[in-house]
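Reading through the structure tokens given below for one structure.
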Amino acid sequence: MHSTLELEAPGIEHRSEQHEGGGRTMWTAHPDGSWARASTERPRALPTVHQGGPRRLRDLLTDVLDRLITGGELPVTGDRVTITPDGQTPLSRGRWSATL
């Protein structure tokens, strides 16, 4: 999932923290100022989500999860990448195009 999310928003970073009692907080941030935080008080509870900035990062993650659930795989599964002698790795599939 992280790979697909990285294609949607290159440069995205993730952090998480486990709390006593089993809860967890996850943070996502992007250099463009977008951010999301999801927290739970206990395991398997629905998170409380806060997000801001120009993009809704949690919404992007939800879209990736929806594609996994409804399609059965992530859109980068089975893709091929060519690494050129100078280290460039052009990748193109569907609406994504990136040089890694």
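The values are calculated or read from the model by the stated rules, or taken from the named source; none is laboratory data. This one's a predicted model, so the numbers in the text were calculated from it and none came from an experiment. A quick note on method: Cβ atoms are made from the backbone with ideal geometry, for glycine too, and the neighbour counts reach across all protein chains shown. With ligands, DNA and RNA removed, areas are computed over all heavy atoms of the protein, side chains included. Shrake-Rupley method; radii C 1.70, N 1.55, O 1.52, S 1.80 Å.
State the number of residues belonging to segment 22-51 that are more than 18 Å from GLU6 (Cα to Cα) and in a strand (DSSP E or B).
Here is the first cut: in segment 22-51, the residues more than 18 Å from GLU6 (Cα to Cα) are 22-25, 38-50.
After this cut, where a residue has to be in a strand (DSSP E or B) as well, the list is 24-25, 38-39, 48-50.
Within segment 22-51, residues that are more than 18 Å from GLU6 (Cα to Cα) and in a strand (DSSP E or B) number 7.
Criterion first (open to solvent by 40 Å² or more (accessible area, probe 1.4 Å) and at pLDDT 90 or above) does ARG80 satisfy it?
Numbers: open to solvent by 40 Å² or more (accessible area, probe 1.4 Å): yes; at pLDDT 90 or above: no.
Spelling it out, it is not the case that ARG80 is open to solvent by 40 Å² or more (accessible area, probe 1.4 Å) and at pLDDT 90 or above.
So, in segment 42-59, how many residues would count as being open to solvent by 70 Å² or more (accessible area, probe 1.4 Å) and more than 15 Å from the chain's Cα centre (by Cα)?
Summing the residues that are open to solvent by 70 Å² or more (accessible area, probe 1.4 Å) and more than 15 Å from the chain's Cα centre (by Cα) in segment 42-59 gives 7.
Tally the residues that are open to solvent by less than 70 Å² (accessible area, probe 1.4 Å), under 16 Å from THR62 (Cα atoms) and without any contact (Cβ under 8 Å) to a residue 40 or more places away in the chain, restricting the search to segment 7-41.
Residues flagged as open to solvent by less than 70 Å² (accessible area, probe 1.4 Å), under 16 Å from THR62 (Cα atoms) and without any contact (Cβ under 8 Å) to a residue 40 or more places away in the chain within segment 7-41 amount to 7.
For the structure I just gave you, tell me whether VAL49 is closer than 30 Å to GLN18 by Cβ and modelled with pLDDT of 90 or more. Give the derivation first.
Details: closer than 30 Å to GLN18 by Cβ: yes; modelled with pLDDT of 90 or more: yes.
So VAL49 fits the description; yes.
Give the residues of segment 6-34 that are small (Gly, Ala, Ser) and in contact with a strand residue (DSSP E or B) (Cβ under 6 Å, 6 or more places away or on another chain), sorted by residue number.
Of all residues in segment 6-34, those small (Gly, Ala, Ser) come to 9, 11, 16, 21-23, 29, 33-34.
Result: SER16, ALA29.
Within the group ARG56, ARG44, which residue is on the phi > 0 side of the Ramachandran plot, at pLDDT 85 or above and basic (Lys, Arg)? Step through it out loud before you land on a result.
Numbers: ARG56 fails: on the phi > 0 side of the Ramachandran plot.
Just a single option satisfies the conditions, and that option is ARG44.
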